[in-house]
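Below is one structure, written out as structure tokens; comments come after it.
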Amino acid sequence: MLKTPSGQLQRCRQDFPILKQKIHGKPLVYLDNAATTQRPTVVTDAMKAFVESDYANTHGRIHALSERAQTHFDEGRETVARFIGAEYTDEVVFVSGATHGLNWVAQGFFGPHLKSGDRVLVTVMEHHSNFVPWQQLCQRVGAECVVIDIDDAGQLDLEQLSVELARNPVCLVMAHVSNVLGQINPVKTCVELAHQHGVKVVVDGAQAAGRIPINVSDLGCDFYVFSGHKMYGPSGMGVVYGRRTHWSNMQPWILGGGAVATVSAEQVTFLAPPACFEAGTQHVEGVVGLTAAIRYIESIGLSVIAAHERALGQYIWQALSGYRGCRVLGGMPDCGLISFVLEGMHPHDVVMLLDQLGIAIRGGHHCAQPLMKRFGVMASSRVSCAVYNTRDEVDVFLNALGQVQEVLGAQ
Ligand code: PMP
């Protein structure tokens, strides 16, 4: 039996004005949080206050507003570094999102060194944003992109991984939490295995940030990437964590103003990291919003959020597993994120009919086509929870799914 959320969690719904509305005359039940989470008022207020009173370009602290904007920017970096357990603040680089960050690591760090015959390990469950950059990079230089499989329960094949790690690959790239299966991958174990062979590990934390506690120092990974908009923060804002020792092997990938110390007709010298990796005008209000989102998450407690989402996820998983004609992809999830296929029904139809009942979930391949193929399906429906979802909402969804099944099954 699922425990009711504490009063604190029940109250936190009030922090999200968007949830108060009706859709097609029904109370909105927002269960599409793996695509993006909603933002609490403290985040939008912080961004608005910054733009209305402290906004200016950073880079240089030239006048009072610029000084204030730079202070917000620096505070944001410190907050992110603490939030993810980075040892040094300058290990945090701001990017526009996880997709940008993963391309940045692939092209900027590994790209210049990867050569024909090298091997890169990716898992079959990667989001396209952590699959395509590596596949294409490998194809360009004649390297091999090796795909690590999972079992039917969604668990990584650690035996295959061990065999492949012993074959001297350049890196292993893996999701911390799958955006389809909702399980937490054993990143720390994989990093330990990989480092025994001198293999670097890049972690896609897009579905982990804001869901479960993250400590990059404890995980031991080389790079960790995530977006702000999946953790109650703004879109257009993301983070790359990279171990300080790697910066000396990384040439700035995006070049331009703000990243350079001196430029002549012949040559350039760059600023020290992380500034040399952040060319161009930065998304300072995004950093302000991300900082506010982190403070919001911390005010509730990530372990409270993680336990709440896990309880909801496992409740949904159990209900769907007993549902006639319903195939749940993978095993019991560790988070509130479950994908399923209803026999004879296209996920898009399921999503559209639920939308008529005010319920937002997602249907499609979830940018994980290699994983869909692994499970022998073209697409699935996905329900994903966040801190503000309640057991009552989940019951509304489960009951509605029964109605949908009747409507579509009768056709
Ligand atoms: N990785 C995973 C696991 C994701 O779920 C997503 C977003 N769906 C991304 C990467 C890409 O994130 P963004 O769209 O914020 O760049």
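Overview of values
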read-out: Where Ile316 falls short, out of the listed (1) under 30 Å from Tyr55 (Cβ atoms); (2) touching a strand residue (DSSP E or B) at 6+ places or on another chain (Cβ under 6 Å); (3) of a type in the set (A, V, I, L, M, F, W, C); value: (1)
read-out: Verdict on Val383 being more than 15 Å from the ligand (Cβ to nearest atom), buried (at least 20 other Cβ atoms within 10 Å of the Cβ) and assigned by TED's automatic domain parsing to the domain that holds Arg327; value: no
read-out: Within the stretch 243-253, considering residues that are in contact (Cβ under 8 Å) with a residue 60 or more places away in the chain and open to solvent by 40 Å² or more (accessible area, probe 1.4 Å), the one nearest to the ligand (Cβ to nearest atom); value: Trp253
read-out: Answer residue from the stretch 140-156, given it is of a type outside the set (A, V, I, L, M, F, W, C) and over 22 Å from the mean Cα position of the chain (by Cα) and is most open to solvent (accessible area, probe 1.4 Å) among those; value: Arg140
read-out: Output for the stretch 60-83, where each listed residue is β-branched (Val, Ile, Thr) and either away from the ligand (no atom under 16 Å from the Cβ) or at pLDDT below 95 (or both); value: Ile62, Thr71, Thr79
read-out: Contacts under 8 angstrom Cβ, first residue in the stretch 177-198 being aliphatic (A, V, I, L, M), partner open to solvent by 40 Å² or more (accessible area, probe 1.4 Å) and within 16 Å of the ligand (Cβ to nearest atom), 6 or more apart; value: Val177/Ile184; Val177/Asp334; Ile184/Asp334
read-out: One residue from Leu181, Leu165 being in contact with a His (Cβ under 7 Å, 6 or more places away or on another chain) and open to solvent by less than 10 Å² (accessible area, probe 1.4 Å); value: Leu165
read-out: Meets criteria (outside the structural domain of Asp149 (by TED's automatic domain parsing) and touching an Asp or Glu at 6+ places or on another chain (Cβ under 6 Å)) for Gly363; value: no
read-out: Breaking point among (1) in contact with a Leu (Cβ under 9 Å, 6 or more places away or on another chain); (2) surrounded by 18 or more Cβ atoms within 10 Å (Cβ to Cβ), for Leu290; value: (1)
read-out: Which numbered condition Val202 fails, given (1) away from the ligand (no atom under 12 Å from the Cβ); (2) more than 29 Å from Ile316 (Cβ to Cβ); (3) open to solvent by less than 40 Å² (accessible area, probe 1.4 Å); (4) not small (Gly, Ala, Ser); value: (1)
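Residue by residue, here is whether (1) within 27 Å of Arg295 (Cα to Cα); (2) within 16 Å of the ligand (Cβ to nearest atom); (3) out of contact with any Gly (no Cβ under 9 Å at 6 or more places or on another chain) holds:
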site	(1), (2), (3)
Val225	yes, yes, no
Ser235	yes, yes, no
Tyr241	yes, yes, no
Leu271	no, no, no
Pro274	yes, no, no
Gln282	yes, no, no
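The values are calculated or read from the model by the stated rules, or taken from the named source; none is laboratory data. Everything quoted here is computed from the prediction, not taken from an experiment. So basically every Cβ, Gly included, is an ideal-geometry build from the backbone, and we count neighbours across all protein chains shown. In case anyone asks, the SASA skips ligands and DNA or RNA and just uses the protein heavy atoms, side chains included. Shrake-Rupley method; radii C 1.70, N 1.55, O 1.52, S 1.80 Å.
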